[in-house]
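Here the structure is laid out as structure tokens; the discussion comes afterwards.
Nothing in this text is a laboratory measurement; each read-out follows from the coordinates by a stated rule. Since we're looking at a predicted model, the values are computed, not measured. For neighbour counting, all protein chains shown are included, and Cβ atoms are generated from backbone atoms with ideal geometry for every residue, glycine included.
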Ligand SMILES: [Zn+2]
């Protein structure tokens with residue numbers, strides 16, 4: 001029993017040894033497989049990583065490219081924009097060019113630039129306006145608190161002195177007015193007409209016959225003086241008679257005559273005298289034209 005047991009034990013040991021050998025072998029094989037798989041995985045992983053990096057870098061490159069593309073696109077967009085902005089520009093330019101020949105409107109006036117040489121012929125009305133930032137070189141006239149453009153003031157002073165010699169006092173009542181003051185006065189007049197039941201558009205037009213829109217008044221230029229301030233009675237005064245006879249000799253015209261209201265779109269203002277230069281003033285006096293007619297602007 002003991003031998004048998006020993007044999008059995010031996011057999012068992014051998015069997016176990018074989019089994020453990022086989023197990024070891026299997027373990028080694030498994031380990032090898034695992035190692036191989038591991039190596040393969042690492043390789044694959046590395047490969048994937050490399051690929052990923054390559055992809056990432058290429059994506060980054062693409063991103064850069066796309067960024068480049070994006071930066072290329074904006075210029076394109078900019079180009080498109082600039083092209084599209086050029087279109088309105090050219091349209092604007094065309095509009096500007098066209099508006100030189102076409103008078104502006106009360107809602108879309110032509111903004112003018114003042115000629116250095118022909119400044120005295122500057123036409124302003126509802127359709128033609130000076131820029132809001134225009135600042136004339138102003139001086140006080142005849143010891144009054146009223147100002148005119150320096151170039152005009154000297155002519156007013158001469159006319160004033162000449163009238164004074166004839167016993168006539170051409171009291172400066174209202175000379176230069178700022179753009180802002182003109183705007184306030186004009187808006188107040190619009191409100192007045194709106195209060196009378198007129199639509200805003202109608203009120204604008206009606207207001208402009210009495211108070212010119214900002215930038216369209218000769219007072220904003222500093223080229224005109226309202227004389228004496230008696231307004232509707234001024235027509236019957238000695239001062240008015242004197243001006244009718246002599247103002248042209250000093251370069252002044254009555255800018256808004258009674259019979260030209262359909263052209264000037266401004267009420268009859270016998271008190272409003274505007275400097276246009278002696279030559280033009282005499283021509284206008286002789287022809288009976290208003291500045292719009294003289295300049296060929298309807
Ligand atoms: Zn006036």
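Annotations for the structure displayed:
- The residue that is surrounded by the fewest Cβ atoms within 10 Å (Cβ to Cβ), counting only those in segment 217-242 that are in contact with a helix residue (DSSP H, G or I) (Cβ under 7 Å, 6 or more places away or on another chain) and assigned to a loop (DSSP other than H, G, I, E, B), is 228.
- Criterion (closer than 22 Å to residue 114 by Cα and either surrounded by fewer than 16 Cβ atoms within 10 Å (Cβ to Cβ) or more than 16 Å from the ligand (Cβ to nearest atom) (or both)) met by exactly one of 214, 136, 131: 131
- Segment 216-228 residues that are under 12 Å from residue 178 (Cβ atoms), paired with ones that are in a strand (DSSP E or B) (beta carbon under 7 Å, 6 or more apart): 219/174; 221/149; 222/138; 222/147; 222/148; 222/149
- Residue among 147, 177 that alone is over 27 Å from residue 263 (Cα atoms) and within 15 Å of the ligand (Cβ to nearest atom): 147
- Test for residue 205: is it touching a residue at least 40 places away in the same chain (Cβ under 8 Å) and either surrounded by 15 or more Cβ atoms within 10 Å (Cβ to Cβ) or closer than 26 Å to residue 292 by Cβ (or both): yes
- Filtered by the rule that a residue be more than 15 Å from the ligand (Cβ to nearest atom), crowded, with 19+ Cβ neighbours inside 10 Å and touching a residue at least 40 places away in the same chain (Cβ under 8 Å), segment 243-270 gives 250, 251.
- Residue-level analysis places residue 206 outside the set of residues that are more than 16 Å from the ligand (Cβ to nearest atom), in a helix (DSSP H, G or I) and in contact with a strand residue (DSSP E or B) (Cβ under 9 Å, 6 or more places away or on another chain).
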